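I have placed the structure first, in the form of structure tokens, so that the comments after it can refer back to it.
The values are calculated or read from the model by the stated rules, or taken from the named source; none is laboratory data. Bear in mind the structure is a predicted one, so any value in this text is a computation, not a measurement. We place every Cβ from the backbone using ideal geometry, glycine too, and count neighbours over all the protein chains shown. These accessible areas exclude ligands, DNA and RNA; they are computed on the full protein's heavy atoms, side chains included. Shrake-Rupley method; radii C 1.70, N 1.55, O 1.52, S 1.80 Å.
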Amino acid sequence: MYTPAWPHSEIKKIFPNIFFVTGANITYHNNVELQHSRNMIIIRDNDELSLINTVRLDDKGLAVLDTLGEVKNVIRIGAFHGRDDAFYLDRYHAKLWALKEMKHANNRETDIQLFPNGQMPAPDCSIFIFETSKHPEGILHIAQEGGILITCDSIKNWLAPDQFFSTETAKLYEEQGFFGAASISNVWKQACNVNSSDFARLKTLEFHHLLSAHGEPLMNNAYELVTKTIRQEYGV
């Protein structure tokens, strides 16, 4: 029923109440096995935890997670993620927050819909939605530490293959140009066909840091690098 707990890192504190863990993800595309890394971000509000871009942890990892607080919310901001949501929803009887028109495994329904100026699972938190995307995709903005973006597939920060890549997938992704700071992949662009107007809106947000579902945390100069990528890819 659930995806296995594949290898993952330890949970790392990025900011006082924001944590980050990287793990392996295995998928198949055209009968080719792909193994790359993905990240889960954890936000703590007092003793309540919200999980974004879920990655299933092993028993040791879950024990550490439980020391941080109680999982209350699972937040899905990207159409192509969510395979581990059910594990956490069932284990912790958590609420599922998601974008409009997202379809979940096992016909599960969204508990609380994410929309601009609507209810949010954590303080100082708001949702940016790609209004022109073919598939639901959003970005969480945390108004702390000068502004933090939490992305799913829209903007990645894979600088190079890491320990959670297979050798074959690392080689393939290098050949396809998947690696780079604050990058927007051609695969995501083609799948979602987002209009440049959405990225023009994104540039109006204030942020210094980027925590993506893929790649390393991008600290301090995220705005400069993200806006540079947007200019290169969309001309805005």
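By how many nm would the segment from Glu224 to His93 lengthen if fully extended, with 0.36 nm per residue of separation less the alpha-carbon distance? Walk me through the numbers on the way to the answer.
Values: separation 131, 0.36 × 131 = 47.16 nm, distance 3.96 nm.
In short, 43.2 nm is gained.
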Heavy-atom accessible area with a 1.4 angstrom probe orders Leu159, Leu205, most exposed first, as Leu159, Leu205
So how exposed is Tyr28, as accessible area in Å² (1.4 Å probe, rounded to 10)?
150 Å²
What spacing in nm lies between the two simple spin-label points modelled at Glu70 and Glu131, each 7 Å away from Cα in the Cβ direction?
3.9 nm
Using helices alone, what [θ] at 222 nm do you get for the chain, with -39,500 (n - 2.57) per DSSP H run of 4 or more residues, divided over all residues and rounded to the nearest 500?
-6500 deg cm²/dmol
So, in nm, how far is label Lys171 from label Gln35 when the simple model puts each one 7 Å beyond its Cα toward the Cβ?
1.5 nm
Provide the per-residue ³J(HN,Hα) series for the range 194-209, in order, calculated from phi with Karplus coefficients 6.51, -1.76, 1.60 and θ = phi - 60°, each as a whole number of Hz, with x at glycine and proline positions.
6, 7, 4, 4, 5, 6, 4, 5, 4, 5, 7, 6, 9, 7, 10, 10
What figure, in Å² to the nearest 10, do you get for the accessible area of Phe128 with a 1.4 Å probe and non-protein molecules left out?
10 Å²
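Just to verify a number: FRET efficiency for Ser9 and Glu101, C-beta to C-beta distance, R0 = 30 Å, to 0.05? Let's see the in-between values first.
Details: r = 33 Å, r/R0 = 1.09.
It comes out at approximately 0.40.
Based only on Cα atoms, what mean projected area does the convex hull of the range 80-236 have, in nm²?
Values: hull surface 40.4 nm².
Across all orientations, the range 80-236 yields a mean hull projection of 10.1 nm².
Packing-wise, with mean Cβ within 10 Å as the measure, how do 188-198, 81-91 rank, highest first?
Numbers: 188-198: 15.7, 81-91: 19.7.
In decreasing order of mean packing, 188-198, 81-91 become 81-91, 188-198.
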Each residue of the range 131-142 in turn: what ³J(HN,Hα) in whole Hz from Karplus with 6.51, -1.76, 1.60 and θ = phi - 60°, glycine and Pro shown as x?
5, 9, 5, 5, 10, x, 8, x, 9, 8, 10, 10
Quick check on the range 161-236: take the gyration tensor over C-alpha atoms, sort the square-rooted eigenvalues as a ≥ b ≥ c, and tell me if it's rounded (a/c under 1.5), prolate or oblate.
oblate
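Could you calculate the contour length gain from Gln190 to Gln113, that is, 0.36 nm times the residue separation minus the distance between their Cα atoms, to one decimal place in nm? Please list the in-between numbers first.
Values: separation 77, 0.36 × 77 = 27.72 nm, distance 2.58 nm.
Length gained, Gln190 through Gln113: 25.1 nm.
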Provide Glu48, Glu101 ordered by accessible surface of protein heavy atoms (probe 1.4 Å), highest first.
Glu101, Glu48
From the phi of every residue in the range 218-232, what ³J(HN,Hα) in whole Hz does the Karplus formula 6.51 cos²θ - 1.76 cosθ + 1.60 yield, where θ is phi - 60° and glycine or proline is x?
9, 9, 6, 10, 5, 4, 4, 6, 5, 5, 5, 4, 4, 4, 5
Tally Lys and Arg at +1 and Asp and Glu at -1 over the other residues with C-beta under 15 Å from the C-beta of Glu174: what net charge comes out?
-1
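With Cβ to Cβ distances under 9 Å as the rule, what net charge do the other residues near Ala191 carry (K, R +1; D, E -1)? Write down the numbers at each step before the final one.
Values: positive: Lys134, Lys189; negative: Asp153.
That sum, taken over residues with Cβ under 9 Å, equals +1.
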When only alpha-carbon atoms are used, what values of Rg and Dmax, in angstrom, describe the range 1-146?
14.9, 45
